[in-house]
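Below: the structure, in structure tokens.
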Amino acid sequence: METMPDGQSKFAVRLAKGSDLAGLLALYRELIPDDPALSVEAADAPFEALARIPGSGIYIGMLDDVIVSTCTLVVIPNLTRGGQPYALIENMVTAAEQRGRGYGRATLQHAVSSAWDHGCYKVMLLTGSTAPETLSFYRSAGFEPNKTGFQIRRLAPRAD
């Protein structure tokens, strides 16, 4: 845990536990406000399924006892690159009132470090945002826009 400049707040990044689901779901409302609400009970099964994928999980940045940032890391087995896995990061969000303070970057960097610890040869993420501050955030965290992404969707993309 790291003491923040105000000398009082404590910030730490860790893997989410089942007891974090209510706070996590509340933070996700900031990411996609129009999404249908998911109950903690309904979230439990996909949360546990993700936790069973080696190296994968939901990382949360905690300021004191409040979740202020999160991202999901999925480590995917691979048959190229000598069998080294690769990772995807999804659902990166920082609470609006906490943005610009380094919490999101610390959470993202923790997930990337975990991917390296699990032998991944690359970490990818996509953003639907075109906001300059979002793109600058990912660049400043070391991500480069060097591939062309394609997707096919069942659900409409979120509004930016």
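Points to keep in mind about this one:
- Residue count for the stretch 52-71 under the criterion of being surrounded by 17 or more Cβ atoms within 10 Å (Cβ to Cβ) and assigned to a strand (DSSP E or B): the result is 12.
- So Gly82, is it surrounded by fewer than 18 Cβ atoms within 10 Å (Cβ to Cβ), assigned to a loop (DSSP other than H, G, I, E, B) and not hydrophobic (A, V, I, L, M, F, W, C): no
- Comparison of Ser114, Ser129 shows that the only residue that is free of Cβ contacts under 8 Å to residues at least 60 places away in the same chain and over 24 Å from Arg153 (Cβ atoms) is Ser114.
- Residue satisfying all of: in the stretch 93-112; not β-branched (Val, Ile, Thr) and not in a helix (DSSP H, G or I); surrounded by the fewest Cβ atoms within 10 Å (Cβ to Cβ) among these: Gly100
Rundown of residues vs (1) over 27 Å from Pro54 (Cβ atoms); (2) loosely packed, with under 14 Cβ neighbours inside 10 Å; (3) not polar (S, T, N, Q), yes/no style:
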{"site": "Ser114", "(1), (2), (3)": "no, no, no"}
{"site": "Cys120", "(1), (2), (3)": "no, no, yes"}
{"site": "Leu135", "(1), (2), (3)": "yes, no, yes"}
{"site": "Ser140", "(1), (2), (3)": "yes, yes, no"}
{"site": "Pro145", "(1), (2), (3)": "yes, yes, yes"}
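- Scan the stretch 21-45 for residues that are farther than 25 Å from Ser129 by Cα, under 17 Å from the mean Cα position of the chain (by Cα) and without any contact (Cβ under 8 Å) to a residue 12 or more places away in the chain and the total you get is 0.
- Residues that are at pLDDT below 90 and polar (S, T, N, Q), drawn from the stretch 128-143: Ser129, Thr130
The values are calculated or read from the model by the stated rules, or taken from the named source; none is laboratory data. Everything numeric here is computed off the predicted structure, so don't read it as measured data. All Cβ positions, even for glycine, are placed from backbone atoms using ideal geometry, and neighbour counts span all protein chains on display.
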